[in-house]
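Colleague: Here it is, the structure in full.
Values in this text are rule-based calculations from the coordinates and carry no lab data. The model shown is predicted, which means the values in this text are computed figures rather than measured ones. All Cβ positions, glycine included, derive from the backbone under ideal geometry; neighbour counts span all protein chains shown.
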Amino acid sequence: MKIKVIGLKGGVGKTLIANYIAQKLREMNFKVEVYPDKYAVENEEVDFEIYDLGLARPDQENSINLFVCDKFSLKTTVDYSKSWNGKKILIINKVSPIPKEIIEEIILAQEEIDNFISIILVPFNGAFFMNEYSTEPTLDNLVEILLGRKNQKIILPFIEI
């Protein structure tokens with residue numbers, strides 16, 4: 001299976017998410033390759049090929065396309081994703097822990113729900129930005145969706161009130 005992780009803006013966590021998915025799949029004993037940008041050769045010996053892409057041209061390949069953004073690049077990313085065919089998942093990364101801001105991001109996500117098979121809001125995780133591996137339940141749910149084990153339209157971060 002080909003998974004394309006696409007981000008239009010630098011620093012939204014595209015590479016981190018690609019590597020997280022790969023790590024989780026490897027822990028489940030899948031063979032996984034991660035390719036930076038478009039530098040890849042078809043490898044039929046692996047279960048998953050993950051392409052870490054910046055701005056890429058839409059194609060007709062049978063792949064799952066993960067569009068990674070933050071709240072500042074959300075509209076541009078959604079508009080760009082509309083030119084792509086196939087299965088699309090929107091990942092809004094670095095979601096604020098402030099309840100008012102979370103609600104704003106949930107509302108923005110719900111407006112686009114019909115354009116994606118799933119929308120995932122990933123909370124800001126400081127450990128990731130210190131290059132420390134940390135479990136993230138929203139990304140674990142993403143892996144379950146990719147494996148076809150879960151079918152959930154929107155995945156929200158855990159919010160303590």
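Colleague: Which one is right for this structure if mean projected area of the Cα convex hull in nm² is calculated from it: (1) 10.0; (2) 9.2; (3) 13.2?
Modeller: (2)
Colleague: Could you order peptides 68-78, 91-101 by the average number of other Cβ atoms within 10 Å of their residues, highest first?
Modeller: 68-78, 91-101
Colleague: Between the stretch 5-27 and the stretch 121-158, what is the C-alpha centre distance in whole Å?
Modeller: Distance between centres, Cα-based: 11 Å.
Colleague: For the peptides 118-127, 24-33, what is the packing order when you average, over each peptide's residues, the other Cβ atoms within 10 Å and list the highest mean first?
Modeller: Output ranking for 118-127, 24-33: 118-127, 24-33.
Colleague: Modelled label-to-label distance, residue 29 and residue 133, 7 Å Cα→beta-carbon offset: nm?
Modeller: With each label placed 7 Å out from Cα toward Cβ, I get 1.8 nm.
Colleague: Let me ask you something else. Compare the Cα positions of 119, 30, 80 along the charge dipole of the chain (+1 at Cβ of Lys, Arg; -1 at Cβ of Asp, Glu; about the Cα centre) and return the one farthest towards the positive end.
Modeller: Going by the charge dipole, the pick is 80.
Colleague: Let me ask something additional. Which value, in debye to the nearest 20, describes the size of the charge dipole of the chain about its Cα centre when Lys and Arg Cβ atoms bear +1, Asp and Glu Cβ atoms bear -1, and nothing else is charged? The partial results should precede the final answer.
Modeller: Details: 19 positive and 24 negative charges, 54 e Å.
Its charge dipole is roughly 260 debye.
Colleague: Taking the simple approach of a point 7 Å from Cα along Cα-to-Cβ for both residue 47 and residue 152, what is their distance in nm?
Modeller: According to this spin-label approximation, the distance is 2.1 nm.
Colleague: Using amide H atoms built in the peptide plane, which far-off residues or other-chain residues are under 5 Å from residue 47 H to H?
Modeller: For residue 47, whose amide H was placed from the backbone, the distant partners under 5 Å are 31, 32.
Colleague: What is the spin-label model distance, in nm, from residue 101 to residue 62 if the labels are put 7 Å beyond Cα along the C-beta direction?
Modeller: 4.2
Colleague: I would also like to ask the following. Specify the angular offset, from 0 to 90 degrees and rounded to the nearest 10, of the alpha carbon long axis of helix 99-111 from the longest principal axis of the alpha carbons in the chain.
Modeller: 50
Colleague: Same structure again: Tell me the angle of helix 137-146 to the major Cα principal axis of the chain, expressed in degrees between 0 and 90 and rounded to the nearest ten.
Modeller: 40
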